[in-house]
Amino acid sequence: MAVGYREGSIFVECRRDIWVLSLRGEHDLSTQPSLSEELGRVSAVGGPVIIDLTDTDFIDSSILRVLAGAAVDRPDGRRVAVVVPPGREAMRILRITGIAGLIQAYETCEAAMASFAFAPT
């Protein structure tokens, strides 16, 4: 887990029994293994997961593959929410590639967390 802000950082925390993976900076093939590892780790523990792209400046196709896979491959059957504020480059990429149709996208982390409040477990 990352301990400070720098390009390509992934911060992991548990808020109200929901795992939040916050990506900051630029993410590509060099950070994809770390994202996959952290996602696998929190998925193994169980519970809802949010991938927050609010502070992400760039994502490439390797990160898109992780997001698409997370939308369908959860071993516990729970969904993964993705936070992508409107107007960010990440949302444009998700729409162009069609991945926006696979994921549960929210404009804020709070909105994503609220969506889990009434989700069946």
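Laboratory data are not the source of any read-out in this text; all were calculated from the coordinates shown. Fair warning: this is a prediction, and the values are worked out from it, not measured in the lab. Note: ideal-geometry Cβ built from the backbone for every residue, glycine included; neighbour counts use all protein chains shown.
Among DSSP beta bridges whose residues both lie in the chain, state the antiparallel percentage, nearest 5.
Beta bridges within the chain, antiparallel portion: roughly 30 percent.
Once Rg/Rh (Cα atoms, Kirkwood Rh) is worked out from the coordinates, which option in [x] 0.92; [y] 1.33; [z] 1.01 does it equal?
Read-out taken from this structure: [x].
Percent relative contact order of the chain, based on C-alpha pairs within less than 8 angstrom and at least six residues apart?
With pairs under 8 Å counted, the relative contact order is 21 percent.
With a 10 Å radius around each residue's Cβ, average the other Cβ atoms per peptide and rank 61-67, 39-45, highest first.
61-67, 39-45
Work out how much length residue 117 to residue 28 would gain on full extension: take 0.36 nm times their residue separation and subtract the Cα-Cα distance, in nm to one decimal.
That pair, residue 117 and residue 28, stretches by 28.9 nm at full extension.
Taking the Cα centre of the chain as origin and charging only Cβ (+1 Lys, Arg; -1 Asp, Glu), how large is the dipole, in debye to the nearest 20?
It works out to roughly 320 debye.
In nm, give the distance between the simple-model label positions of residue 110 and residue 55, each being 7 Å from the Cα along the Cα-to-Cβ direction.
Once both label points are built, they end up 1.8 nm from each other.
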